[in-house]
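Take a look at the structure below.
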Amino acid sequence: MKIHEYQAKDILRGYDVPIPRFEIATTPAEARKAAEDIGRMVVVKAQVHVGGRGKAGGVKLAKTPDEAEKHAGAILGMDIKGLTVEKVMISDAVDIDREYYIGMIVDRATKKPVYMVSEAGGIDIEQVARETPEKIHKYAVDPEKGLSNEEALELAAKIESRPAVAERVADFISKLYEAFVGSDASLAEINPLVITPDEQVWAVDAKMNIDDNALYRHEEIAAMRDASTETPQLKRAREMGLSFVKLDGDVGCVVNGAGLAMTTMDVIAHYGGEPANFLDIGGSSSPDKVVTALQIITSDPNVKSILINIFGGITRCDDVAKGLVQALEQTSITLPIVVRLTGTNEEEARKIPAGTEFVSADTMDEAVEKAVELARQPA
Amino acid sequence: MSIFVDENTRVCVQGITGRDGAFHTKGMIEYGTKVVAGVTPGKGGQVADGIPVFDTMKDAVEKTGANASILFVPARFAAGAVTEAAEAGVDVVVAISEGVPTLEVSKIYQKLERLGTRMIGPNCPGIISPGKCKLGIMPGWIHREGGIGVVSRSGTLTYEVVDQLGRYGLGQSTVIGIGGDPIIGTNFIDSLAAYQEDPQTEAVVLIGEIGGTDEEQAAEFVKENMTKPVVSFIAGRTAPPGKRMGHAGAIIAGGKGTAAEKIEALTAVGVPVADRPSEIPGLIKEALGS
């Protein structure tokens, strides 16, 4: 799950990671008040879930509360890559001497938490990785032992040569580790980590993603989910335990299993069609899930045909068939539906939809070809 | 032969008295798997489906000689259950559970390495050596014994491919669903290395998907170490970047992890990549010259 900069900073502050003073504003007047409280030069920063906020004009320096109010007025309501800015952060603009980069991920290859540190901070790290990869130092931590002070210091010394400052950076690295593990992050990025002229260390920008699988044990973080970034369809899907991604095509898909759902999209493209969505009804299917899935799909006006592709393992074909019949009883779906049910309890499933209007298919290829063809026909 | 599990695999089911555990235990026994024990804390001494239930893995292993386990426990207890199985000394532990926190998997992986236990999953359908042992939740009846190894990050897509192989008379040595999470116990390379050594396996189908670089690393491994033919399918050619496609590990991040990159890496080392699952049997027959 993505969280906003101010939420990441709240989490980090809880682990004593040094964060410049900030307040959140939803109106220009609040921004003015925040700037007055801070009483120094401030930065007004859009809080949206996308990168490149600065380039889009969503980050501005303000020398006075007047300016903070004016910038907040311009940034609030601004559209950045399709997202509307509803909150701005008013942050103390600390003086900058040097800018470093510190990132952490759980690395798939080493299967460990891995640090990436660089003396080239403040700019796009992917650009650094492309142009000067030697400036990025990686370090994998044994998650059973955790990060020792010696390891943190060794890592800090790769980007900071002054011993006294390196110690502060090492302390920062250690605290970031605690925050990362403590909040079950999947990514944490401090860019830039600023060293001030008086050699203080600050996390000036912070980005964190939290492992969805771990949200059950972090209620306070789970509550940070930004409902405004979620469409009603997505919300319903999530609450029902369905994986759903909206796409732009016209063939609606209901599939069990993520791999098969992606493959169904690919095969639709192979036959010249375009999928309207990715939708995985998950393992243990109940008829309810199928009903919800069909309601979500038919709420998209682009959808012209529906393809149900089920290979039953844990999912029982008769459950899916029951859900299908229920959905048709409860709603008035007029779109053509192609059904392919194979696997566990397929015989039982065949008995259920009798008397209802489906196009049935034996193989995925056959089902997809029919669904694509039906989507092309004028309604 | 076959890989990782065979007719000598003696299975303990962790969470045998739960709804899913009971259901799939039945399925495994019906398939012919030697299920010798079950574990549910607090229910030791009971008998479930004719199988003795123990309180701990240690008891189960000592009293029944179980050498593999499969767990049907909620995700939040999965890491503990895997660790318990490894400490009790089983060789293979299959973690079906979806939703285990990634950092927990990272931690237990290091421990399992030290103990010498192989974990398959988490978030996987398990492993089957047709005719010998089904340690998982896959529909057993679609499989038949033969010479094709199948290794996949997916569940139902694997069934689809196995079904396709069956239609063309291509049986399987061992079919492994390695799991859809970012961090998993057994990866493509571990599986490919075992297939290469397995006398029953004549060719391998590798089913990948978007996210990470495991397929690229597998391609490198094939080039350096495999003499048996490998064919592939990669799911997610049409997946948009930045969106998680169901599996926690299936996301194109920062332009990396696309199907196109994986297909290119595999093709470059001579691994043919099917456009659709239904093309896989043809590619296998071609590779085997039959």
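Since every read-out is calculated from the coordinates, none of them should be taken as a lab result. All values reported here derive from a predicted model rather than from experimental measurement. Reconstructed Cβ throughout: ideal geometry from the backbone, glycine too, with neighbour counts over all protein chains shown.
Each listed q (0.07, 0.08, 0.09, 0.15 Å⁻¹) maps to a log10 I(q)/I(0) for chain A, found by the Debye formula over equal Cα scatterers with no solvent: -0.45, -0.56, -0.68, -1.16.
Normalising the average separation of contacting C-alpha pairs (under 8 angstrom, six or more residues apart) by the number of residues puts the relative contact order of the stretch A:257-379 at 28 percent. Kirkwood-based Rg over Rh for the stretch A:199-249 (C-alpha set), two decimals? Reported Rg/Rh, Kirkwood definition of Rh: 1.13. Once divided by 2.2 N^0.38 Å, the Cα radius of gyration of the stretch A:237-379 becomes 0.91. Extension gain, A:Asp288 to A:Thr26, is 90.4 nm, computed as 0.36 nm per intervening residue step minus the present C-alpha separation. With all pairs of separate Cα atoms included, chain B yields a Kirkwood hydrodynamic radius of 19.0 Å.
The gain in end-to-end length when the B:Ala260 to B:Ile189 segment is fully stretched comes to 23.6 nm, 0.36 nm per residue minus the alpha carbon separation. Between A:Glu373 and A:Glu348, the simple spin-label model (points 7 angstrom out along Cα→Cβ) gives 3.2 nm. Once each part is reduced to its C-alpha centroid, what is the distance from the stretch B:1-53 to the stretch B:217-290 in angstrom? One Cα centre to the other: 34 Å.
Backbone N atoms of the stretch A:1-24 closer than 17 Å to the 7 Å Cα→Cβ label point of A:Asp37 belong to residues A:6-11, A:13-14, A:19-24. Relative contact order of chain A: 12 percent, from C-alpha pairs under 8 Å at least 6 residues apart in sequence. Summary value for the stretch A:67-184: 16 percent relative contact order, contacts being C-alpha pairs under 8 angstrom separated by 6+ residues. Quick one: if the Förster radius is 35 Å, what FRET efficiency do A:Glu150 and A:Glu126 give, using the C-beta to C-beta distance and rounding to 0.05? Here the calculated transfer efficiency is 0.70. Computed over the stretch B:52-203, the P(r) tail beyond 23 angstrom holds 35 percent of alpha carbon pairs. Size descriptors for the stretch B:102-144: radius of gyration and Dmax over Cα atoms are 13.5, 37 Å. Here the scattering of the stretch A:139-246 is modelled by Debye summation over its C-alpha atoms, one equal scatterer each and no solvent; at q = 0.11, 0.19 Å⁻¹ the log10 of I(q)/I(0) is -0.50, -1.01. Modelled spin-label separation between B:Glu7 and A:Ser161, with each label point placed 7 Å from Cα along the Cα-to-Cβ direction: 7.0 nm. Using only the Cα atoms of the protein assembly as shown, each taken as one equal point scatterer with no solvent, compute I(q) by the Debye sum, divide by I(0), and report log10 of the ratio at q = 0.05, 0.10 Å⁻¹. Per q value, in the given order, log10 I(q)/I(0) is -0.26, -0.99.
According to the square roots a ≥ b ≥ c of the eigenvalues of the Cα gyration tensor, what is the shape class of the stretch A:75-122, taking rounded for a/c under 1.5, prolate for a/b larger than b/c otherwise, and oblate for the remainder? Cα axes put the stretch A:75-122 in the oblate bin.
Rounded to the nearest 0.05, the FRET efficiency derived from the C-beta distance between B:Val47 and B:Lys243 at R0 = 56 Å is 0.75.
Ordering A:Leu215, A:Val194, A:Pro232 by Cα displacement along the dipole of the stretch A:181-235 toward the positive end leaves A:Pro232 in first place; charges were set at the Cβ atoms of Lys, Arg (+1) and Asp, Glu (-1). Convex hull volume of the Cα atoms of the stretch A:205-286, normalised per residue: 144 Å³. Using a cut-off of 15 Å between beta-carbons, work out the net charge of the residues near B:Val47 (Lys and Arg +1, Asp and Glu -1, B:Val47 not included). Once positives and negatives cancel, what remains is 0. If the chain linking A:Asp362 and A:Asp248 were pulled fully straight, counting 0.36 nm for each residue of separation and taking away their Cα-Cα distance, it would gain 38.3 nm. Starting from the Kirkwood Rh over alpha-carbon pairs, what translational D in µm² s⁻¹ does the stretch B:202-290 have by Stokes-Einstein at 37 °C and 0.692 mPa s? Calculated translational D: 247 µm²/s. Principal axis extents of the Cα atoms in the stretch A:1-95, from largest to smallest and rounded to whole angstrom, are 35, 34, 22.
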